[in-house]
Amino acid sequence: MIHTILMAALAISSVNGHMALSYPAPFRASNNPHAKNVDYSMTTPLSGAAQFPCKGYSSDMADTTGAGAPVATWTAGQKYNFTVTGGAPHGGGSCQIALSYDSKTFSTIHSYIGSCPLSSGQNFDFTLPSDAKTGPAMFAWVWYNKVGNREIYMNCASVNIAAGTGAKPAVAFSSRPSLFLANLGNGCTTVEGKDAVFPDPGPDADVTTKLTTTDDKGSFTGTCAPVGGVGGQAAAAAGSPVSGSGPKPGASLGSTATAAAPITSGTGTANSSLQVSTSGVCGENKQTCVGSKFGKCCSKFGYCGDTPLHCGTGCVSGFGQCGDFLNSTEVMTSSASPARRLIRVRRPLW
């Protein structure tokens, strides 16, 4: 009897030992009312490239009235959240969420850099892009744990996107970056003890940053190759923008997660040859972040902001100021509330 109880406890521990997407209910999850072949180990990481995407369950999307039936209906332009549950958050880490309309290509709609997740049942807010295509879509959640074996977790769910209203986004849906992929035997690995800093996290409005260490440079090593045509350096090597209408980086991926700034001339001060950015995009069409409401630093991917990701390594001085983040630490937190808090902690220069 004792042996039976012990084995049952170990079984439960193995199932709940990591983290998984719980809302929206992913393919084959026990809480998905449409699941036909339930996977009771949803919290396990991908075993390798063969399980990408979605633990190998993306084919369920084709069963539109069965296993792939939508579990949620979302309206473009509105705010929503997803929920992560499990027994071991491994010190948090970094997450990305994306939408796919063909089960092959993924457009990132929000990146969470640091503290994702820290506890079971944690909710993460996001705004569904106002120009997201209507109809059936696959919602994908990807997690890189901070502590423990170098792994990648991914769950996907079927959702329905309804037409909505809202301002035209600064970056078109078609220009959003693909998912960042590592730890799949594709040439790059995240570094234990560091929150993965995505080379191209997407538009600044769709990035939540909460770094838990003072220096997360070198958060992955190696050169990331595409997996199933997703991720990798192909887009950057071809000279196309990595994220929307920002400048084209010389290299989007590398051993230190830094990119060469496309333009470095200038003094970081406003002048008559530049226009103050009104969209949060810098570089293209001679737009500068100096004087912009989005922040004074121009990131290596062409977006204005005031965080270390904007003002640190790769910051483009020709279209903004660089280095000023050293006076403070900015922390963006995500909670069940649609509101996002910005906490500024002053620290001495060094």
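Scanning segment 275-286 for residues that are open to solvent by less than 30 Å² (accessible area, probe 1.4 Å) and touching a helix residue (DSSP H, G or I) at 6+ places or on another chain (Cβ under 7 Å) gives 280, 282, 283.
Would you be able to tell me the number of residues in segment 185-200 that are outside any loop (DSSP other than H, G, I, E, B) and either closer than 16 Å to residue 130 by Cα or open to solvent by 30 Å² or more (accessible area, probe 1.4 Å) (or both)? Number of matching residues: 1.
The criterion of being touching a Phe, Trp or Tyr at 6+ places or on another chain (Cβ under 6 Å) and assigned by the TED database to the domain that holds residue 202 holds for residue 97.
Look through segment 32-63, keep the residues that are part of a loop (DSSP other than H, G, I, E, B) and within 20 Å of residue 137 (Cβ to Cβ), and return whichever of them is most open to solvent (accessible area, probe 1.4 Å). Filtering segment 32-63 for residues that are part of a loop (DSSP other than H, G, I, E, B) and within 20 Å of residue 137 (Cβ to Cβ), the one most open to solvent (accessible area, probe 1.4 Å) comes out as 33.
Quick grid of which residues meet (1) charged (D, E, K, R); (2) surrounded by fewer than 22 Cβ atoms within 10 Å (Cβ to Cβ); (3) in a helix (DSSP H, G or I); (4) without any contact (Cβ under 8 Å) to a residue 40 or more places away in the chain:
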{"position": "292", "(1), (2), (3), (4)": "no, no, no, yes"}
{"position": "300", "(1), (2), (3), (4)": "yes, no, no, no"}
{"position": "304", "(1), (2), (3), (4)": "no, no, no, no"}
{"position": "310", "(1), (2), (3), (4)": "no, no, yes, no"}
{"position": "315", "(1), (2), (3), (4)": "no, no, no, no"}
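Does segment 201-210 include one or more residues that are open to solvent by 40 Å² or more (accessible area, probe 1.4 Å) and hydroxyl-bearing (Ser, Thr, Tyr)? Looking through segment 201-210, none of the residues is open to solvent by 40 Å² or more (accessible area, probe 1.4 Å) and hydroxyl-bearing (Ser, Thr, Tyr). Contact map, segment 179-201: first residue of a type in the set (Phe, Trp, Tyr), second residue buried (at least 24 other Cβ atoms within 10 Å of the Cβ) and not in a loop (DSSP other than H, G, I, E, B), Cβ cut-off under 6 Å, separation 6 or more or different chains; pairs are 198/111.
The values are calculated or read from the model by the stated rules, or taken from the named source; none is laboratory data. Treat the numbers as computed from the prediction; the structure is a model and nothing was measured. With ideal geometry, Cβ positions are generated from the backbone for all residues, glycine too; neighbour counts draw on all protein chains shown. Accessible surface areas use protein heavy atoms only, side chains included; no ligands, DNA or RNA. Shrake-Rupley method; radii C 1.70, N 1.55, O 1.52, S 1.80 Å.
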